[in-house]
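Values quoted throughout were computed directly from the atomic coordinates according to the rules given, and no laboratory measurement underlies them. These numbers were taken from a predicted model, which means no experiment stands behind them.
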Amino acid sequence: MRFGSCGATQRDGATIARMKMRQKSQLPVKTCAHCGLPFTWRKKWERDWEQVKYCSQRCRRSVAAAAAA
Ligand SMILES: [Zn+2]
């Protein structure tokens, strides 16, 4: 049995570094509550990303219209 602990540690470090880099470029994604399509974080949603539920104004408006009707 040869479990090289030194090699494993090195590889873990590299994996974590790579994940961090990927996370930086990978923006958060949500699913639109109206059309069900995934949409990506946008700069305009920077302040209220947690409140964003719809991929577009259109979806938000159609839900609002349905609720009002
Ligand atoms: Zn939508």
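Structural remarks
- With θ taken as phi - 60° and the Karplus curve 6.51 cos²θ - 1.76 cosθ + 1.60 applied, the whole-hertz 3J(HN,Hα) list for the stretch 46-57 is 3, 7, 10, 4, 5, 8, 6, 10, 10, 6, 8, 4 Hz, x standing for glycine and proline.
- Taking amide hydrogens as placed 1.01 Å from N in the peptide plane, the amide H of ALA33 sits under 5 Å from those of TYR54, CYS55, each at least 5 positions away in sequence or on another chain.
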